[in-house]
Amino acid sequence: MRLLITGGAGFIGSHIAEKALAKGWVVAVVDNLASGRRENVPNGSEFFQIDIREQAAVDTVFAEFKPTAVSHQAAQASVAVSVREPQMDAAVNITGSLNIMTACVANKVDRLVFASTGGAIYGEVPEGIRAGVDFDPVPISPYACSKFSVEKYLECFRIEHGLKYSVLRYANVYGPRQDPHGEAGVVAIFCNRILAGEPIQINAKREAGDAGCVRDYVYIEDVAGANIAALEGKIPDPILNVGTGQETTTQQLADILQAALGNKVKVTPSAKRAGDIERSLLNADRLVELQGDVVTIGSGLALTAEWFKTRLANG
Ligand SMILES: NC(=O)c1ccc[n+]([C@@H]2O[C@H](COP(=O)([O-])OP(=O)(O)OC[C@H]3O[C@@H](n4cnc5c(N)ncnc54)[C@H](O)[C@@H]3O)[C@@H](O)[C@H]2O)c1
């Protein structure tokens, strides 16, 4: 396998790169380092610093590296930024994705795996429900709109050009190397603040003082593993939720992380943030059926806390 990973200098892409190298695949990373870091790109992978908005640059990389599979992780990944700069979000997430898809078709790439979002695409998920892939998407941010539209383009490219693809709708992904600005950024923010002995804030689900919003936090290993399985053609479904189906409030997250990091800090209740989805929860039964059990929030947060602790200790 010759795997090209876009966004491979970022959180999720760099974990996919590590797993792919461990399988003996030839790996190349494309990233413009907008939010990613060069040091995240694992040794042994080729690195192309280009912007996926530039079709000519994308074409040159494909011609040079000749990928047989592509894992498309590069994105403007912040909901807040997408609200402030919807044109920029669309340029990276839609036009950039179209550049990758066009290059995949032109170079007869066997399979394209696309990082979509279960955390944002379904909108509010009512109490008692876990959103399955049959749940009607209600994209309520430019970011969710751009991800949803790429899903539609992929189906269109399959029909028009025979492009084989897998869409993975991630829940809120957390783990080592995560960025505080991503969809599960709260885990990184809490780890850094708890370790520094600084207060943490619980943004309300509805009213200040409640337990905060409900999220489905999925550990990075499960996300990277689902990507590898999809690249190997082991995920027959065109769209798959990658989550845990387990709901966690921000308060629960704060409690688990303080215990894992062995430090108690002041917890400040705060008002609801405009635009925050109150409850997001995925039905991940199909992922478990295909890939086996997922990492529980307790184990995943313990591993993540350990990584943040070690990073602090090493300066
Ligand atoms: N982290 C989550 O919880 C989460 C949840 C759902 C979906 N996703 C999606 O997963 C993917 C990876 O997210 P992440 O958390 O690793 O984010 P990240 O910001 O760490 O990684 C994204 C990478 O894309 C690169 N990039 C951005 N714009 C680019 C451009 N124009 N050209 C080339 N490279 C560019 C960045 O430099 C970065 O390295 C994204 O597509 C994101 O939308 C993430």
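None of the figures in this text is laboratory data; all of them are computed from the coordinates on show. Keep in mind that what you see is a predicted model, and the values were worked out from it rather than measured. All Cβ positions, glycine included, derive from the backbone under ideal geometry; neighbour counts span all protein chains shown.
Each Cα pair of the stretch 100-140 feeds into the Kirkwood radius, which the Stokes-Einstein equation turns, at 20 °C and 1.002 mPa s, into a diffusion coefficient of 170 µm²/s. Across all Cα pairs in the chain, the calculated P(r) in 10 Å bins from zero up to the longest distance comes to 6, 28, 36, 22, 7, 1 percent per bin. Each residue in Arg206, Arg169 was given a count of other beta-carbon atoms within 10 angstrom of its own, and listing them fewest first yields Arg206, Arg169. The Stokes-Einstein estimate for the stretch 156-315, based on a Kirkwood radius over Cα pairs and taken at 20 °C with 1.002 mPa s viscosity, is a diffusion coefficient of 127 µm²/s.
Using alpha carbons only, how many angstrom separate the centre of the stretch 130-145 from the centre of the stretch 241-261? Computed from Cα coordinates, the inter-centre distance equals 22 Å.
In a reduced charge model with +1 at each Lys and Arg Cβ and -1 at each Asp and Glu Cβ, the chain shows a dipole moment near 460 debye about its Cα centre. Cβ-to-Cβ counts within 10 Å put Ser270, Ser45 in ascending order as Ser270, Ser45, the fewest first. Listed by chain and number, the aspartates and glutamates whose C-alpha is less than 14 Å from the C-alpha of Lys66, apart from same-chain residues fewer than 8 away, are Glu46, Asp110. Selection among Val133, Gly197, Cys156 by position relative to the dipole of the stretch 96-245 gives Cys156 as farthest towards the positive end (Cβ unit charges, Cα centre). Helix 220-231 against the longest principal axis of the chain: what's the angle in degrees, Cα atoms only, rounded to the nearest 10? Computed tilt is about 20 degrees.
Among DSSP bridges having both ends in the chain, what percentage is antiparallel? Round to the nearest 5. Approximately 5 percent, going by the DSSP bridge assignments.
Of Ser299, Ser35, the sequence from fewest to most neighbouring Cβ atoms within 10 angstrom is Ser299, Ser35. The value of relative contact order for the stretch 186-242, using C-alpha pairs under 8 Å at least six residues apart, is 17 percent.
Here the Karplus curve 6.51 cos²θ - 1.76 cosθ + 1.60, taken at θ = phi - 60°, turns the phi angles of the stretch 294-309 into couplings of 9, 5, 6, 4, x, 5, x, 6, 4, 5, 5, 4, 4, 5, 5, 4 Hz, with x standing for Gly and Pro.
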